[in-house]
1. Looking at the stretch 231-246, which of the residues that are part of a loop (DSSP other than H, G, I, E, B) and open to solvent by less than 20 Å² (accessible area, probe 1.4 Å) is modelled with the highest pLDDT?
2. Which members of the stretch 395-427 meet the condition of being open to solvent by less than 10 Å² (accessible area, probe 1.4 Å) and over 30 Å from residue 151 (Cα atoms)?
3. I want to confirm something. Restricting to the stretch 111-142 and keeping residues that are surrounded by fewer than 24 Cβ atoms within 10 Å (Cβ to Cβ) and under 25 Å from residue 101 (Cβ atoms), which single residue is nearest to the chain's Cα centre (by Cα)?
4. Restricting to the stretch 156-191, name every residue that is of a type in the set (S, T, N, Q) and open to solvent by 30 Å² or more (accessible area, probe 1.4 Å).
5. Just one of the numbered conditions (1) in contact with a Gly (Cβ under 7 Å, 6 or more places away or on another chain); (2) open to solvent by 10 Å² or more (accessible area, probe 1.4 Å); (3) at pLDDT 85 or above is not true of residue 272; which one?
6. Provide a single number: the residues in the stretch 460-475 that are buried (at least 20 other Cβ atoms within 10 Å of the Cβ) and within 24 Å of the chain's Cα centre (by Cα).
Amino acid sequence: MEYARRVSARFETKRLPEDVDDGLETLEEYKQRWRSVRIIYYTMFLMALGFSIILTGIWPFLNKLDPDAGKEFMGLIVAANPLGQMIFSPIFGWWGNRLGKIRLPLLLSLSLFTLASAVYSSLELRPDNVKYWMLGSRFLIGVSSANIALCRSYLSAATRISERTHAVSMVSLAQVLGFIIGPTLQAAVTPLGDKGYVWLGGYMHVNMYTASGWINVVMSIGNFMMFLPGVFEEHKIAAREVMVMQGGISERETWKGIKPNYLSAWTLIVAFFILVFNFVLLETLGTSLTMDMFAWSKAESLWYMGIMMTTAAIVSLVTFVLISPLCKFFAERYLLIWGGFSLMFLGRVLFVPWGPDPPKLAQAFNASLNLPDDDPIYLGCPPTQEWCGELPALTLTQFIIGFAFTSVGYPIGVTLIQTIFSKVLGPRPQGVWMGWMTGSGCLSRVLGPVFVGSIYTRLGTFWTFGVTSGMMLVSMFWLQCSNRLLIPPTFEKATPVELQELSKHNGGNKLDDDDDAGDSPEELISKDHGSHHSISRA
C-alpha cells in the first residue's frame, strides 16, 4: 500500500506546466480539469465498446435464437443502436447546454446503458418474439450512448486551444479502441462456447454471445461511479482563455462576437459521416464477408477477426500517438486529406475482388443429413446470394492489406475532423453542434448495416466496394478543393487588462431581450451558465 502511494506521488503533478501558467486556473483546478477529461476518455471508450462488442457475434447469436430472422433483420438490429443515438444526440446536446452541466444527463444515460446491456445478455431466456427484444435492447443502448455529444462538447470547453489536438486525438483513440477492442473481447470469450454456464437458478446465462453484454454491465457501473460528486468536477476553460486573449470582460460576449463558418462546419459533418460509414461498413461486414469469401466457420471467423482487430488496435494506438507530432510539420487539413482520406480510399479500392475464381459455394442446409451447421459442406458463400457463383473471390492478401490501410487512415481522419471542427466553432458552447456531428456518425452506422443487407447481399462485392470507393474519392476531392474552409480562426493576445465581474441583469442568468435578438439557435439555447468569472491580470 505504501509502495502504491509512493508511485502515485511520483507521477502527481506538482506545479502547472509553463505554457498554461497564466493565472487562468490554480494547480488544483488544473488537476481536477484533467481528471475529468480522462473520465470523458473512458466514457467515450465504453460507448464505442457497447456498439462494437456484439458486432462479430450478433449474427451467429441471432441465428441461434431465431434461425428464420435472416441477415436483413440482423442489419436492422445493428442499425438500431446508432438510430437511437442519432435521434437523441442533438437532444442530449441541447439538454447539456440548457443545464450548463453534464453530470445529470450522463448519470441517467449510464443507468439506461446498464439496464439495456443486461436485457441483451438475458435473451437466452427466450422470451416471445426474441428477435424484437434484441432489437429493442440495442435501440436503448443507442439512446444511452447519445451522451457522446455531451462528452465531445465538454472536451471542447474543458481544454485550451494548445491542448485541443492532443485531447481530441486521445478521445478519438479511446473511441476507436472501443470499436476495435469490442470484437477482440468477443473473440476472447469464444472459448465459453455456445452453451457456456448457467447461474442464478437458470436466470443468468454466460456464453460466448451473452458475455459481451455482461462485460458492458460491469464496465458501465464503474463509469457511473466516476461521475459521482467528488470524483468528476467540471472545469470549463476554453471561453475564458479566448476572453483573456481578446481583452474581454465576459465569456458570453466573447464567444457571441466570434461567428463560426457554417459552411466549414457542415463540410466537416458530411466528411465525418462518409468516414465513419466506411469504417462501420467494414466492421459490420467483416464476419459475414470472411465466412463467404474464405469459407470460415462461425468460430473461425470470430477468432481470426478478433486477431485482426487486436492488431488494428495496436496500429491505431501508434497512429494516434504520432498525430500530434505530425501536426507540427504538416497543416492539420492536409494531414486529414492526404493521411486520412487517401488511405481510407486505398483501403476500399483494395477490397474490390480480383481473385481468379469465384468463392467456394456452400450447400443449402439439409437437416436430414444429420450434419452440424459448421460442417465443411455448409461453409462458403451461400447459394441464396446469386452473385456468389458469378463474381471473383476476394483474396486473403487483399483483405489484410486493405484492413491495414483502414487501421491507419481512419484514426487520422476521425481525430483531425473533430479537432478542426471544435476549433472552427470557436469557444462557444458546442453541445448542439456536437450533437449534429455525433448524429452524422450515427446515421452512417444506421445506413451501414442496411447497406450490407441491401447492396452486399443482393448485388455483391463489386457494387459494395465500388460505391464506397467512389464516396471516399469524391469527399477527398471536395476537401482538397475547399481546404481553406478548414482553417480555424486565430485569436491575438490583447494588452493585459484588469477584468471586472460582469454585472447580472434581470436576476441572475437571464439576459435582456435585446441580447438574445439575432442569436442563432445554438446561441439561444446556450445561456450564460458558469460564464461570469472574475479574473485579474496584473
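1. 232
2. The answer is 398, 399, 402.
3. 140
4. 162, 184, listed by residue number.
5. The one condition residue 272 does not meet is (2).
6. Counting residues in the stretch 460-475 that are buried (at least 20 other Cβ atoms within 10 Å of the Cβ) and within 24 Å of the chain's Cα centre (by Cα) gives 6.
Here's the yes/no breakdown for (1) surrounded by fewer than 21 Cβ atoms within 10 Å (Cβ to Cβ); (2) within 17 Å of the chain's Cα centre (by Cα); (3) over 21 Å from residue 352 (Cβ atoms):
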residue: 279; (1), (2), (3): no, yes, no
residue: 286; (1), (2), (3): yes, no, no
residue: 299; (1), (2), (3): yes, no, yes
residue: 302; (1), (2), (3): no, no, yes
residue: 305; (1), (2), (3): no, no, no
residue: 312; (1), (2), (3): no, yes, no
residue: 318; (1), (2), (3): yes, no, yes
residue: 323; (1), (2), (3): no, no, yes
residue: 328; (1), (2), (3): yes, no, yes
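To keep it simple, each residue is scored yes or no on (1) out of contact with any strand residue (DSSP E or B) (no Cβ under 6 Å at 6 or more places or on another chain); (2) more than 21 Å from residue 66 (Cα to Cα); (3) among the β-branched types (Val, Ile, Thr).
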{"position": "123", "(1), (2), (3)": "yes, no, no"}
{"position": "160", "(1), (2), (3)": "yes, yes, no"}
{"position": "163", "(1), (2), (3)": "yes, yes, no"}
{"position": "184", "(1), (2), (3)": "yes, yes, yes"}
{"position": "197", "(1), (2), (3)": "no, no, no"}
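The values are calculated or read from the model by the stated rules, or taken from the named source; none is laboratory data. Computed from a predicted model, the values in this text were never measured in an experiment. Cβ coordinates were reconstructed from backbone atoms using ideal geometry, including for glycine residues, and neighbour counts include every protein chain displayed. Areas reflect the complete protein model, heavy atoms only, side chains present, ligands, DNA and RNA absent. Shrake-Rupley method; radii C 1.70, N 1.55, O 1.52, S 1.80 Å.
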